[in-house]
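Worksheet for the structure shown next.
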Amino acid sequence: MKVRTEARRSVKMPNFLVIGAAKAGTTSLYHYLNQHPEVFMSPVKEPKFFALEGEKPDFRGPGDREAWREAISSLDAYQALFEGVTDEKVVGEASPLYLYSEKAPARIKHHVPEARLIAVLRDPVERAYSQFLHKVRDGKEPLADFARAIEAEEGRVKENWAYGWHYKRRGFYYRQLSRYYAMFGPEQIRVYLYEDLKGDPAGLLRDVYGFLGVDDSFVPDMSLKHNVSGIPKNRLVHSLLRGRNPVKAALKPFLPRRLRKRLLVNLQGRNLTEPPGVAPAVRRALIEEYREDVSKLQGLIGRDLSGWLR
């Protein structure tokens, strides 16, 4: 009897994850890592798989259906993201939702227990405000005032608006990181601050590369600012640059992908104006809500975070 054998496709999974936080520079970090010749990054920047495995999201906020179109909840679809891996030393993806998700740590532990985890944290008040401005920028936020949006947050959560509307909730980092330290060894977790990424991106990247075990002398192109929040000067121009439209489709055959990306990012940045800062009274109120969490976080990660409480 002749036995038929078939070569099985090698199943790939990531061995490192950028887990958050949202609006803390993770998009820039993704693009810097993606340039490294020894690093393979998921072609979908935020698969969200470990937060959504086996689930069918049905979020009800403005624009939520479109925003969650690329979210991946099946293992087969997730593994397919890494079929392009060749001889890269490390394989990763960046889904900032993982830090906030209560379910993600256990799922990561189940599927990739040895994975290295990277988090970038930002002043929680500034992070919340940046998330609000992100929604304003994209024409999704129906409230023009940050304080009112914060007041509306709990109602929105109850109405099943997606996690991007959880402006205040997503800033309690001690609560969120503790779930990871409870399941993974500290040698698997590396935590940075947004100030590190803004002030010395090259130094932060050298440390990240060392943590991942790849060549730490590689210097990526860091000239582009990614996923910048702000208020559009011209809403029509903004919608044309951000959305799908015939003009962008017509240019696609004539411009290489990287050149198109650079052009669009530059144009988007030029169409944004600097927003006003957080009102002092609103900042003070939020600082008091975050104070205990920030104090505990300092001890957990060994960093002075007193500047967040001023």
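The values are calculated or read from the model by the stated rules, or taken from the named source; none is laboratory data. This one's a predicted model, so the numbers in the text were calculated from it and none came from an experiment. Every residue, glycine among them, receives a Cβ derived from its backbone with ideal geometry; neighbour counts consider all protein chains shown.
Structure data summary
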read-out: Test for residue 149: is it part of a helix (DSSP H, G or I) and touching an Asp or Glu at 6+ places or on another chain (Cβ under 7 Å); value: yes
read-out: Residues being within 23 Å of the chain's Cα centre (by Cα) and either outside any helix (DSSP H, G or I) or hydroxyl-bearing (Ser, Thr, Tyr) (or both) - total across segment 272-301; value: 7
read-out: Complete set of residues in segment 36-67 that are loosely packed, with under 14 Cβ neighbours inside 10 Å and in contact (Cβ under 8 Å) with a residue 40 or more places away in the chain; value: 37, 43, 58, 60
read-out: Check on residue 120, assigned to a strand (DSSP E or B), touching a residue at least 24 places away in the same chain (Cβ under 8 Å) and out of contact with any helix residue (DSSP H, G or I) (no Cβ under 9 Å at 6 or more places or on another chain); value: no
read-out: Pair list, Cβ < 7 Å and 6+ apart or interchain, from segment 281-310 residues that are modelled with pLDDT of 95 or more to residues that are among the aliphatic types (A, V, I, L, M) and not in a helix (DSSP H, G or I); value: 294/305; 297/305; 298/305; 301/191; 303/193
read-out: Check on residue 95, crowded, with 19+ Cβ neighbours inside 10 Å, in contact (Cβ under 8 Å) with a residue 12 or more places away in the chain and under 22 Å from residue 31 (Cα atoms); value: yes
read-out: Condition met for residue 91 (touching a Pro at 6+ places or on another chain (Cβ under 7 Å) and not small (Gly, Ala, Ser)); value: yes
read-out: Candidates 32, 100 - the one that is surrounded by 16 or more Cβ atoms within 10 Å (Cβ to Cβ) and touching a Pro at 6+ places or on another chain (Cβ under 8 Å); value: 32
read-out: Residue in segment 191-202 that is in the same structural domain as residue 133 (by TED's automatic domain parsing), in contact with a Phe, Trp or Tyr (Cβ under 7 Å, 6 or more places away or on another chain) and at pLDDT 95 or above present; value: no
read-out: Enumeration of residues in segment 103-114 that are surrounded by fewer than 21 Cβ atoms within 10 Å (Cβ to Cβ) and touching a helix residue (DSSP H, G or I) at 6+ places or on another chain (Cβ under 8 Å); value: 103, 106, 107, 109, 111, 114
read-out: Checklist (1) at pLDDT below 95; (2) charged (D, E, K, R); (3) buried (at least 21 other Cβ atoms within 10 Å of the Cβ) applied to residue 138, failing item; value: (3)
read-out: Qualifying residue in segment 236-247 (condition: modelled with pLDDT of 95 or more, crowded, with 18+ Cβ neighbours inside 10 Å and of a type outside the set (A, V, I, L, M, F, W, C)); value: no
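Per-residue answers, yes or no, for (1) closer than 28 Å to residue 62 by Cβ; (2) polar (S, T, N, Q); (3) free of Cβ contacts under 8 Å to residues at least 60 places away in the same chain; (4) out of contact with any Leu (no Cβ under 8 Å at 6 or more places or on another chain):
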residue	(1), (2), (3), (4)
141	yes, no, no, yes
144	yes, no, yes, yes
166	yes, no, no, yes
214	no, no, no, yes
223	no, yes, yes, yes
